[in-house]
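The structure follows.
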Amino acid sequence: HQGLLAPTTLLALNILVLAALGVACLLTGEPLPGGSLRRALRQVTLLTAGVYLLAPTYGTLSKTISTDTIVAVSTLLLLLHLLLHDYHFVNDEAARLRGVASMGAAVFAAVLLASRLQTDMRVFSHLTHSLTLFLLSPFLLRYVRRLSFGLHVLVTLGVGALTTAMMARVSAVATAVHLAACAFVCFGAPAWLVRIQKFKAAINGPWDEAVPNRLRPTE
């Protein structure tokens, strides 16, 4: 929104993610998200062309709505995306990617934020980058985790560090809140769950299974 990131940079990141996804598929032997290479290229081409043609429309989609409302709604939608995200698929614990509501909320938030950009090229680069992250990054993270858990941790830390560095250019307060939230999720919440285990107690009641008593044999 402030012009700190050039559209070409976002498009280059998209190409980098697509290339990394292709390499991960080759190393793991998994098919591309679209199936065959020809079908995947066709889907990417059609999606990119559609976003490019509709970029002028997306740029003025919420022109009559205030920026504060757009930011508030987008924040709620992204929080909903985090709550409903299919973490089982990313952690290689589920066979298929689910969480359609999570993906829809993220894409809707991206469209709302794109409506506040100044040029059609910025709208195009923002939406294509958002679609790449929300639609393809779960597959990439899944395949990276399958290759190596250590590499998965390094990629996660790298993405977190890049996000923090980019956020620091915009707002120091938002960066501090982001770091505090990450620290709580990664360290505070697990430590809290481990600590409250000592307060766990077994509750007995009439709903428990009956245990037969041993009867002494009569003489």
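In whole angstrom, note down how far apart the Cα centers of region 114-176 and region 1-80 are.
Between the Cα centre of region 114-176 and that of region 1-80, the gap is 11 Å.
Next question, about the same structure. Roughly how big is the chain's charge dipole about its Cα centre, with Cβ charges of +1 (Lys, Arg) and -1 (Asp, Glu), in debye to the nearest 20?
Taking the Cα centre of the chain as origin, the dipole is about 200 debye.
What distance in nm separates the two pseudo spin-label positions at residue 41 and residue 12, each 7 Å out from Cα along the beta-carbon direction?
2.5 nm
While we're here: What nm value, rounded to one decimal, do you get for the distance between residue 108 and residue 63 when each label is placed 7 Å out toward the C-beta?
Label at residue 108, label at residue 63, 2.4 nm between them.
Quick one, could you list the DSSP H helices from the chain stretching 27 Å or more along their long axis (Cα atoms) with average Kyte-Doolittle hydropathy of 0.5 or above?
Membrane-span-like by this rule: 7-28, 37-59, 149-168.
Please state the relative contact order of region 1-121 as a whole percent: Cα pairs under 8 Å, 6+ residues apart?
Over region 1-121, the number comes to 31 percent.
May I pose another question? Excluding ligands, DNA and RNA, what is the solvent-accessible area per residue of region 109-166 at a probe of 1.4 Å, expressed in Å²?
Per residue, region 109-166 has 47 Å² of solvent-accessible surface.
Which value in nm describes the separation of the simple spin-label points at residue 121 and residue 149, placed 7 Å from the Cα toward the beta carbon?
If labels sit at residue 121 and residue 149, their model points lie 4.6 nm apart.
Let me ask you something else. Please work out which option in [x] 16.6; [y] 12.5; [z] 20.3 gives mean projected area of the Cα convex hull in nm² calculated from these coordinates, and answer with its label.
The value computed from this structure is option [z].
Could you work out what % of the accessible surface of the chain is carbon and sulfur, using a 1.4 angstrom probe and leaving DNA, RNA and ligands out of the count?
For the chain, the apolar C and S fraction of the accessible surface comes to 69 percent.
List the relative contact order of the chain as a percent without decimals, with contacts defined as Cα pairs under 8 Å and 6+ residues apart.
RCO, the chain: 24 percent.
Rounded, prolate or oblate: which one fits region 1-115, using the alpha carbon gyration tensor with axes a ≥ b ≥ c (rounded when a/c is under 1.5, else prolate when a/b beats b/c, else oblate)?
Oblate.
The values are calculated or read from the model by the stated rules, or taken from the named source; none is laboratory data. Please read all numbers here as calculations on a predicted model, not as lab measurements. Heads up, the Cβs are rebuilt from the backbone with ideal geometry, glycines too, and the neighbour counts pull from every protein chain shown. The protein model used for the area step is the full one, side chains on, heavy atoms only, and it has no ligands, DNA or RNA in it. Shrake-Rupley method; radii C 1.70, N 1.55, O 1.52, S 1.80 Å.
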